[in-house]
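First up is the structure itself, then whatever we jot down about it.
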Amino acid sequence: MTTRTIAVVSAGLSNPSSTRLLADRLATATVAALRARGEDATVEVVELREHARDLADDLTSGFANESLQAAIDAVVGADAVIAVTPVFSASYSGLFKTFFDVLDQDALIGTPVLLGATAGTARHSLALEYAMRPLFAYLRAVPVPTGVFAAGEDWAGGGSTALADRVDRAAGELADSLTGRPAATRPADPFADPTTSFEELLTGR
Amino acid sequence: MLNSPASGAPDVVYLENKTRISFLDTEAEVHRYTRAFDLISDMALDPDRSRAVLEDELAALGNDRVAPRVPPASSCTLNQCGSDEREHEMQFGIFTVGDVTPDPTTGRTPTEAERLKSLVTIALKAEEVGLDVFAQGQHHNPPFVVSSPTTTLGYIAAKTEKLVLSTSTTLITTTDPVKIAEDFATLQHVADGRVDLMMGRGNTGPVYPWFGKDIRDGIPLAVENYQLLRRLWREDVVDWSGQFRTPLQGFTSTPRPLDGVPPFVWHGSIRSPQIAEQAAYYGDGFFHNHIFWPASHTQQMVEFYRRRFEHYGHGSADQAIVGLGGQVFMRKNSQDAVKEFRPYFDVAPVYGHGPSLEEFTSQTPLTVGSPQQVIERTLGFRDYVGDYQRQLFLMDHAGLPLKTVLEQLDILGEEVVPVLRREFAALKPAHVPDAPTHASLVAARDAAGSTPVAEAATR
């Protein structure tokens, strides 16, 4: 049985946060969907709030400290990423964006991503499509078609299974994008012996 | 330190604090503690003088006045030990970026004239306190004043006798290689060979277009321009064409290098393996800035350079020529150093307004503390880069006043570098080469019986 690694990036600020709540539901549903497809999964959660200062320091110093580097390694090395942000001022939060700003530009190429967002009302729901999806398109990651938005009213329940259905559909899409794929490989080691000789660099312009 | 001569068991370090004890027994750790213990023993006063100092301090407390200082009396003190040996196994020096930065504690900004003159004063001080190398940067935008490195270096050359003049860095991407060849060959002649260079790419975006280049071509520019520079110094008549510069037909760069031997070249890069590869390919030196980033980055780059140096047949990996930067601020008491440096650190260009001084000190090679702490930390660099040839410190930046910088150089030259010289020399195996100088390059050329032109034919 193949074991997949799923990294969850949650940019919620309060504790408990509805962003983390949605992230956990997406993660649980994804693990279940993978099990249904005969694969196992381990989940690693990165709470960006815990790295708020680390991220600001990275912006000014140009390097990630140990704690942030561990979070970056977890996300970059994962088979798939579940990325969930609150909607602030009509877009993903600044904290959320900062985390993806400090990743290497090539770090998530080809990585399947499940997009999630939360806000007080459903009026913000398209932020998933006009803000989050282009960010991951730029990173050349592969967002699954269904993004999951949860507004305050979605947590009220009232017999509706709409949120749960969307969660399951999105998790199924993420699981489908993983099955049959080879396990994630770490980014190429820049300190491996060069494949291009220096003579070629000198003459092969 | 626990020794057990009877059983012959290896030494063990015993550490104790309020809540825990621990034993360290790995060879590297025991070695470092042994070294620290020996250094402290060397510096300590003998029992009689210790008693005298304590009595004076007590009397001073009673009289509410400052106690007279009794100078250390042991045979080997940090001030004196090794200062006359001058064996030059390793080179020590300083490097400057030449920034004009307001002093955050006074708000005063030096004039450009003051800053340029301060570079000269600092260089002369470096020679006075026994340092080997003064290197200056090259920038073409405010707040820097170092757009014309060989002008200042030439002036310093005229006022010094031993100091090696170098760069940190020479912009091989945006400076015409013909001009570099001419300027630094000229400097070689007026400075009697006390010249080398460190190549760098520069990371200020707009400088590239100002000089007709594109920052995205940084690596190809460094590769092509440096290859041309080498030919200009090694071949009397050059026919050349390339991608980035107008072609040359029948061109002779004058003056020819002193004694027919070009200046030694280091290549500096923080995180581009291609530049370490370039240094390894030519058998040139590799220098890591070793200031802004964690030591793990330095280690990766140096390991890569050493491996590739061996791959290209210039010698074994541990014979590659490695230089490191470093950044220190020292006072006799480490708390005083921290207190004085913090306002400069907190708003420093490049890393200010980010991690705290304490965080940055633990995450990068920055050391703010006593001379003894700087000695310990610096000796530790060897643990992750191996035996290396050149150590440069950044001392004059972030708006530190000239007076403070000169005091720092006194401490560096008198208390720190003599101990580092002795300790590094004692650890270095015989087959690891010294830092190249003009004299050693001339000698090597003569010994090999080859001419610069013959070398050019193979490269």
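Laboratory data are not the source of any read-out in this text; all were calculated from the coordinates shown. Predicted model, so just to flag it, every value in this text is computed and none were measured. With ideal geometry, Cβ positions are generated from the backbone for all residues, glycine too; neighbour counts draw on all protein chains shown.
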Packing rank of B:316-322, B:41-47, where each peptide gets the mean count of other beta carbons within 10 Å, highest leading:
B:316-322, B:41-47
When a footprinting reagent is the concern and you count Cβ atoms within 10 Å, what order do A:Asp54, A:Asp24, B:Asp48 take, fewest first?
B:Asp48, A:Asp24, A:Asp54
The exposure ranking of B:Thr174, A:Thr179, fewest beta-carbon neighbours within 10 Å first, is A:Thr179, B:Thr174
Using every pair of alpha-carbon atoms in chain A, split the distances into 10 Å bins beginning at 0 and state the percent of pairs per bin, rounded to integers.
9, 34, 34, 16, 6, 2, 0, 0
Check which residues have an amide H placed less than 5 Å from B:Val133's amide H, if you skip close sequence neighbours.
B:Phe92, B:Gly93, B:Ile94, B:Val164
So if I place +1 on the C-beta of Lys and Arg and -1 on the C-beta of Asp and Glu, and nothing else carries charge, what would the dipole magnitude of chain B be about its Cα centre? I want it in debye, nearest 20.
940
Could you tell me how many cubic angstrom of Cα convex hull volume segment B:91-458 has per residue?
129
quick note, segment A:49-144, DSSP beta bridge pairs, % antiparallel (nearest 5) is 20
Can you tell me the convex hull volume per residue for segment B:2-63, based on C-alpha atoms, in Å³ to the nearest whole number?
133
For segment B:39-47, just list the computed ³J(HN,Hα) in residue order, Karplus coefficients 6.51, -1.76 and 1.60, θ = phi - 60°, integers in Hz, with x standing in for Gly and Pro.
5, 5, 4, 4, 7, 5, 6, 6, x
Normalising by the residue count of chain B, find the relative contact order in percent from Cα pairs under 8 Å and 6+ residues apart.
16
To check you understand DSSP bridge types, tell me what percent of the beta bridges within chain B (both residues inside) are antiparallel, rounded to 5.
20
Do you know the relative contact order of segment B:2-63, to the nearest whole percent, from alpha carbon pairs under 8 angstrom that are 6+ apart?
17
Report relative contact order for segment B:83-224 in percent, whole number only (criteria: Cα-Cα under 8 Å, sequence separation at least 6).
21
Quick one: helix A:18-36 against the long Cα principal axis of chain A, what's the angle to the nearest 10°, folded into 0 to 90?
80
Residue-wise, which Karplus ³J(HN,Hα) couplings in Hz belong to segment B:144-154, taking 6.51 cos²θ - 1.76 cosθ + 1.60, θ = phi - 60°, and x for glycine or proline?
9, 10, 10, 7, 10, x, 6, 5, 5, 5, x
Please report, for the Cα atoms of segment B:282-434, the Rg to one decimal and the Dmax as a whole number; what are they, in angstrom?
16.3, 49
Most exposed first, judged by fewest Cβ atoms within 10 angstrom, B:Tyr312, A:Tyr138 run A:Tyr138, B:Tyr312
Placed amide H near B:His288: partners under 5 Å, 5+ positions off or other chain
B:Gly323, B:Leu324, B:Gly325
If you take every DSSP beta bridge whose two residues both sit in segment A:3-203, what share of them, in percent to the nearest 5, is antiparallel?
5
Show log10 I(q)/I(0) for segment A:1-81 at q = 0.20 Å⁻¹, two decimals, from a solvent-free Debye sum over equal Cα scatterers.
-0.90
Percent of C-alpha pairs per 20 Å bin, the protein assembly as shown, short to long:
15, 41, 32, 11, 0
What list of whole percents do you get for P(r) of segment A:129-205, with Cα-Cα distances grouped in 5 Å bins up to the one holding the largest distance?
3, 11, 12, 13, 14, 11, 9, 8, 6, 4, 3, 3, 2, 1, 0
Between 0 and 90°, nearest 10: helix B:334-346 axis offset from chain B longest Cα axis:
40
Partner shielding of B:218-226, taken as the mean number of other chain Cβ atoms within 10 Å, equals 1
Taking Cα atoms, how many degrees apart are the long axis of helix B:402-411 and the longest axis of chain B, rounded to 10 and kept between 0 and 90?
70
For segment B:160-169, 3J(HN,Hα) per residue [Karplus equation, 6.51 cos²θ - 1.76 cosθ + 1.60, θ = phi - 60°, Hz, x = Gly/Pro]
10, 10, 10, 4, 7, 9, 9, 10, 8, 10
Amide H to amide H under 5 Å from A:Ala117: which residues, 5+ apart in sequence or cross-chain, H placed 1.01 Å off N in plane?
A:Thr85, A:Val148, A:Phe149, A:Ala150
